[in-house]
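Engineer: Can you keep this structure in mind? I'll have questions shortly.
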């Protein structure tokens, strides 16, 4: 149906196009600078207080998810604790298969292992376990039950290690997941 009012599509003026071309790179530059500031502060062990407000929560969430808050903790003397997941799957025939979940298995496992480190930062072990169980049910269609054990190896400092202290395992979460008809492939 034709409108009684004429419809015009305005073309953007050269000033608007110039503004768009200037603003987008400027925003990216500001975000990159902000990210760099967070990384440098974390590298020097400085944890600024961003306050309890929504802006502070967003900044802490961004820093946690991107790793900008971790500094260079993968180098000594501040080696972070290692997240470890063990799986025991019970097959349809009753066999039990025990394995350690690691990234060496497949690309999907590598992505899940990366997510595990993010989940650890925000303390969601149950979500980690559900993700690992779902991955196990997907890769083992005959599995009827999956037990997931998530823990951390607490790495001692260099001084403690020189004094003979060994890494300690700390269990963080234990869960059992059962396949239902929707996840079972016969």
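Just so it is clear, none of the values below were taken in a lab; they were calculated from the coordinates. All of these numbers come straight from a predicted model, not from anything done at the bench. Methodologically, a virtual Cβ is constructed for each residue, glycine included, from the backbone with ideal geometry; neighbour enumeration extends over all protein chains shown.
Engineer: Using 0.36 nm times the number of residues separating residue 50 and residue 162, minus their current alpha carbon distance, what extension gain do you get? Write out the running numbers ahead of the final one.
Structural biologist: On the way: separation 112, 0.36 × 112 = 40.32 nm, distance 3.72 nm.
Computed gain between residue 50 and residue 162 is 36.6 nm.
Engineer: Continuing with the same structure: Stretched out fully, how many nm does the piece from residue 180 to residue 153 gain, at 0.36 nm a residue minus the Cα gap? Intermediate values should be presented prior to the final figure.
Structural biologist: On the way: separation 27, 0.36 × 27 = 9.72 nm, distance 3.28 nm.
Length difference between fully extended and current span is 6.4 nm.
Engineer: Please find the FRET efficiency linking residue 37 to residue 134, where r is the Cβ-Cβ separation and R0 is fixed at 41 Å, and quote it to the nearest 0.05.
Structural biologist: Working: r = 37 Å, r/R0 = 0.91.
Efficiency, from the Cβ-Cβ distance: 0.65.
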